[in-house]
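Novice: Take a look at the following structure, please.
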Amino acid sequence: MRIVQIFCLGLLVVPAWATAPQDEPIVKVVEKVRPAVVNIYTERIVEQQVVDPIDAYMNQFFGGGMARGNRILQTPVRNLGSGLIIRPDGYIVTNQHVASRADKLKIRVTLANGKDYEAKLLRDDDLQDLALIKVESPEPLPYLSLDRLSPNLLGQTVLVLGNPVGYESSVSAGILSAKDRTLTIGDLTMDGLLQTDAAINPGNSGGPLVDSEGDLVGLSSAKMSVAQNLPVESIGFAIPAERVKRFVEDAVAIVEGKKSPPPERSAAVVLKEKFGLELKDITPEESVRAGYAGRQGLLVLNVQKGSPAEAAAIQKGMLVVGLGSVPCRSLEELPRSVRQLKGGEDVKVSILGATRQGNFIALRSGAVVLKAR
């Protein structure tokens with residue numbers, strides 16, 4: 001009997017079920033979704049008054065008299081992000097912090113094919129961190145329909161498309177790691193977020209998160225290391241597609257005149273509703289006349305009967321100088337968290353009171369805890 005030895009060198013066996021790269025599901029999804037993903041570049045001008053150094057010198061040592069006038073320094077502030085075309089007539093959804101409302105705001109949108117457009121901000125919601133912008137195009141634009149959304153199953157494959165750190169039309173892949181996450185960024189707390197290990201970097205904000213069918217999972221919002229200033233990798237967050245769809249439907253209906261815009265829910269309205277406090281900004285002159293020696297704060301105009309503020313003995317004429325750990329300078333500067341107050345939440349309120357005693361004014365300070373109703 002002869003034994004025949006066969007040596008196979010460098011033999012590559014390709015299984016019959018192997019998929020060619022051009023036919024891979026992820027490649028197909030990218031081909032479908034990428035044309036609807038845009039890169040967004042914004043620029044706004046911030047004006048700052050600059051005191052002439054000679055004026056400052058003359059004022060300090062000679063009491064002024066030779067003022068040449070302060071200069072207004074105009075500084076451009078640029079930002080980049082991503083967005084998703086959701087209708088062929090040019091409507092685009094993105095994050096509010098990408099297309100933030102500002103005077104002299106310029107928004108430039110670049111499509112995947114390289115075409116540039118000027119965009120207009122139509123609606124935004126800073127509590128949801130969503131914005132609707134629009135470009136005018138002579139021909140219909142590629143878009144991703146929101147009629148069919150992803151089921152958002154834990155562990156499913158997800159793709160992130162966008163403009164990370166200026167690298168246009170980038171794609172990263174991962175899985176849907178968790179749902180119903182809560183994230184605090186500055187003075188904004190967002191809940192019900194999706195978590196993914198797909199790479200989300202600065203510039204991805206506002207871009208789509210899609211599944212292996214190309215259906216919308218959510219809108220990229222933040223990365224943990226960016227949000228918390230921590231050395232954390234592979235934890236990114238997205239706004240769920242259902243929330244994005246509701247915002248888009250409402251915003252488009254308002255823009256097209258089919259629905260009236262909701263009344264503005266300002267911090268002043270919420271403080272009155274939740275605590276029974278009617279407040280107003282106080283000027284330095286009013287602060288002096290009221291006995292507060294020019295201190296900043298919010299003047300109590302009225303306290304509603306039976307309200308948490310009345311139960312805490314807050315009175316008309318007092319000055320609210322702090323909410324929680326945040327100083328109160330004006331209603332406009334109150335943190336967004338004020339508008340997110342829910343019934344039953346406790347808030348520490350710091351207060352000043354001024355009492356005239358003959359020719360003197362006695363100031364008393366204190367803090368009370370109010371429970372939102």
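Novice: List every residue pair whose Cβ atoms lie under 9 Å apart, where the two residues are 6 or more positions apart in sequence or sit on different chains, the first residue falls within the range 106-128 and is closer than 16 Å to P138 by Cβ and in contact (Cβ under 8 Å) with a residue 60 or more places away in the chain, and the second residue, located anywhere, is small (G, A, S) and assigned to a strand (DSSP E or B).
Specialist: V109/G83; V109/A119; A119/G83
Novice: Follow-up. When you look at L188, is it at pLDDT below 90 and in contact with a Lys or Arg (Cβ under 6 Å, 6 or more places away or on another chain), yes or no?
Specialist: yes
Novice: Something else: Has the range 215-225 got at least one residue that is farther than 18 Å from L159 by Cβ and part of a helix (DSSP H, G or I)?
Specialist: Yes, some residue in the range 215-225 is farther than 18 Å from L159 by Cβ and part of a helix (DSSP H, G or I).
Novice: Could you tell me whether Y91 is surrounded by 15 or more Cβ atoms within 10 Å (Cβ to Cβ) and farther than 29 Å from R265 by Cβ?
Specialist: no
Novice: Could I ask something else about it? Does the range 184-205 hold any residues that are surrounded by fewer than 17 Cβ atoms within 10 Å (Cβ to Cβ) and either of a type in the set (A, V, I, L, M) or under 17 Å from T157 (Cβ atoms) (or both), and which are they?
Specialist: The answer is I185, and nothing else.
Novice: Still on this model: Enumerate the helices (runs of 4 or more DSSP H) found wholly within the range 236-311, keeping only those where 3 or more residues are over 25 Å from V338 (Cβ atoms) and not hydrophobic (A, V, I, L, M, F, W, C).
Specialist: Where helices (runs of 4 or more DSSP H) fall fully within the range 236-311 and carry at least 3 residues being over 25 Å from V338 (Cβ atoms) and not hydrophobic (A, V, I, L, M, F, W, C), they are 241-255.
Residues checked against (1) touching a strand residue (DSSP E or B) at 6+ places or on another chain (Cβ under 7 Å); (2) assigned by TED's automatic domain parsing to the domain that holds A251:
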{"residue": "D116", "(1), (2)": "yes, no"}
{"residue": "L122", "(1), (2)": "yes, no"}
{"residue": "P140", "(1), (2)": "no, no"}
{"residue": "R148", "(1), (2)": "no, no"}
{"residue": "P151", "(1), (2)": "no, no"}
{"residue": "V171", "(1), (2)": "yes, yes"}
{"residue": "I175", "(1), (2)": "yes, yes"}
{"residue": "I185", "(1), (2)": "yes, yes"}
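Novice: Filter the range 157-183 down to the residues that are of a type outside the set (A, V, I, L, M, F, W, C) and surrounded by 14 or more Cβ atoms within 10 Å (Cβ to Cβ) and list them by number.
Specialist: Residues satisfying the conditions are T157, G162, N163, P164, E168, S169, S170, S172, G174, S177, K179, R181.
Novice: Every residue in the range 338-373 that is of a type in the set (A, V, I, L, M) and not in a strand (DSSP E or B), please.
Specialist: V338, L341, A372
Conditions (1) exposed (fewer than 13 other Cβ atoms within 10 Å of the Cβ); (2) in the same structural domain as D125 (by TED's automatic domain parsing); (3) in contact with a Lys or Arg (Cβ under 9 Å, 6 or more places away or on another chain); (4) more than 22 Å from A290 (Cβ to Cβ), marked per residue:
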{"position": "M318", "(1), (2), (3), (4)": "no, no, no, no"}
{"position": "C328", "(1), (2), (3), (4)": "no, no, no, no"}
{"position": "E332", "(1), (2), (3), (4)": "yes, no, no, no"}
{"position": "R339", "(1), (2), (3), (4)": "no, no, yes, yes"}
{"position": "V347", "(1), (2), (3), (4)": "no, no, yes, yes"}
{"position": "G353", "(1), (2), (3), (4)": "no, no, yes, no"}
{"position": "F360", "(1), (2), (3), (4)": "yes, no, no, no"}
{"position": "A367", "(1), (2), (3), (4)": "yes, no, yes, no"}
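Novice: I'd like to know if the range 99-110 contains one or more residues that are modelled with pLDDT under 90, under 21 Å from S170 (Cα atoms) and under 13 Å from the mean Cα position of the chain (by Cα).
Specialist: Looking through the range 99-110, at least one residue is modelled with pLDDT under 90, under 21 Å from S170 (Cα atoms) and under 13 Å from the mean Cα position of the chain (by Cα).
Novice: Can you list residue pairs whose Cβ atoms sit under 8 Å apart, with the first residue in the range 347-363 being under 15 Å from K316 (Cα atoms) and the second being surrounded by 13 or more Cβ atoms within 10 Å (Cβ to Cβ) and of a type in the set (K, R)? Count only pairs 6 or more apart in sequence or on different chains.
Specialist: L352/R295
Novice: Taking into account only those residues within the range 97-154 that are within 29 Å of Q195 (Cβ to Cβ) and of a type in the set (D, E, K, R), which is surrounded by the most Cβ atoms within 10 Å (Cβ to Cβ)?
Specialist: Going through the qualifying residues, I end up with D129.
Every residue, every condition in (1) at pLDDT below 90; (2) surrounded by fewer than 20 Cβ atoms within 10 Å (Cβ to Cβ); (3) under 18 Å from L188 (Cα atoms), yes or no:
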{"residue": "A290", "(1), (2), (3)": "yes, yes, no"}
{"residue": "A293", "(1), (2), (3)": "yes, yes, no"}
{"residue": "Q315", "(1), (2), (3)": "no, yes, no"}
{"residue": "S325", "(1), (2), (3)": "yes, yes, yes"}
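The values are calculated or read from the model by the stated rules, or taken from the named source; none is laboratory data. In this text, all values refer to a predicted model and were calculated from it rather than measured experimentally. We place every Cβ from the backbone using ideal geometry, glycine too, and count neighbours over all the protein chains shown.
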